[in-house]
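Chemist: Sharing a structure below in structure tokens format, with a few things to ask.
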Amino acid sequence: MKKRVVVLSGAGISAESGLETFRDSNGLWAKYRIEDVCTPEALRNNPGKVLDFYNMRRRQLLKVVPNDAHKALVELERHFTVDIVTQNVDDLHERAGSSSVLHLHGELFKCRSIKNPQLIVETKGDVNIGDLAPDGTQLRPHIVFFGEEVPELERGAKIVSLADIFIVVGTSLAVYPAAGLVNYVQSQVPCFLVDPSEVKPSYRMFEHIKKRASAGLPELCSLLISNF
């Protein structure tokens, strides 16, 4: 049987494709207040502004393509069972060709009923006030807002617990509860971290590849293919 590689990916892997990130000093949160565009209260009080913000992000996503880091994970599937648990709301892993991707924080190209979280529709265009879900209620972004529960967290923890090899890429492990998934890795599992910055990944011992995702991840994948 193939060994199972589980990858926890974050904004850094998408940033190299040209997507702005929230936590960089010049990122999206430097231009928008979280309270105005990414909370349930913002959606209630100014839904038009929230919809416009995600329309802008959706348009940006349509202009970018997967990079070498995304492609390296696809190549890894030829040799391992690869499950990706991502904090990202873009579809770059899927567009690159990865077959098993769990989105913890939702997906930009999906919207859902404002009343029924299970009623989800796909959309790559703008969503405006008056655009309705099949149940007749306003569509909202299929995004986990600050202050909302992360419905896929339990499933993500289960996937991480099954890893034979665990990789963290493109995340500072500062976003909770997603960062807490590291704690579900079994004690004997080799762990790798690809990030150019100093990152403190909980109590786990990680082999740290201090490179950007598009350089470090292909390097790591080649190493794993050769040695495991």
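Chemist: Run residue 176 past the list (1) assigned to a helix (DSSP H, G or I); (2) open to solvent by 50 Å² or more (accessible area, probe 1.4 Å); (3) of a type in the set (Ser, Thr, Tyr); (4) closer than 23 Å to residue 12 by Cβ and report the number of the one that doesn't hold.
Modeler: (1)
Chemist: Another question, if that's okay. Anything in the range 91-107 that is open to solvent by less than 10 Å² (accessible area, probe 1.4 Å) and over 21 Å from residue 162 (Cβ atoms)? List them, or say none.
Modeler: Those that are open to solvent by less than 10 Å² (accessible area, probe 1.4 Å) and over 21 Å from residue 162 (Cβ atoms): 92, 106.
Chemist: For the range 189-209: of the residues being in a strand (DSSP E or B) and either hydrophobic (A, V, I, L, M, F, W, C) or open to solvent by less than 30 Å² (accessible area, probe 1.4 Å) (or both), which is farthest from residue 70 (Cα to Cα)?
Modeler: 191
Chemist: Another question about this same structure. Can you find a residue in the range 210-220 that is in a loop (DSSP other than H, G, I, E, B), touching a residue at least 24 places away in the same chain (Cβ under 8 Å) and surrounded by 14 or more Cβ atoms within 10 Å (Cβ to Cβ)?
Modeler: Yes - at least one qualifying residue is present in the range 210-220.
Chemist: With in a helix (DSSP H, G or I) and either farther than 28 Å from residue 73 by Cβ or under 15 Å from the mean Cα position of the chain (by Cα) (or both) as the only criterion, which of 125, 147, 156, 136 stands out?
Modeler: Matching residue, one of 125, 147, 156, 136: 156.
Chemist: Right, residue 141: within 20 Å of the chain's Cα centre (by Cα) and in a loop (DSSP other than H, G, I, E, B) or not?
Modeler: Details: within 20 Å of the chain's Cα centre (by Cα): yes; in a loop (DSSP other than H, G, I, E, B): no.
Against the criterion (within 20 Å of the chain's Cα centre (by Cα) and in a loop (DSSP other than H, G, I, E, B)), residue 141 does not qualify.
Chemist: For the range 113-122, what are the residues that are open to solvent by 30 Å² or more (accessible area, probe 1.4 Å) and in contact with a strand residue (DSSP E or B) (Cβ under 9 Å, 6 or more places away or on another chain)?
Modeler: Across the range 113-122, the qualifying residues are 114, 115, 117, 118, 119, 120, 121, 122.
The values are calculated or read from the model by the stated rules, or taken from the named source; none is laboratory data. Quick caveat: nothing in here was measured; it's all calculated off a predicted structure. Cβ: placed from backbone, ideal geometry, glycine included. Neighbour counts: every protein chain shown. With ligands, DNA and RNA removed, areas are computed over all heavy atoms of the protein, side chains included. Shrake-Rupley method; radii C 1.70, N 1.55, O 1.52, S 1.80 Å.
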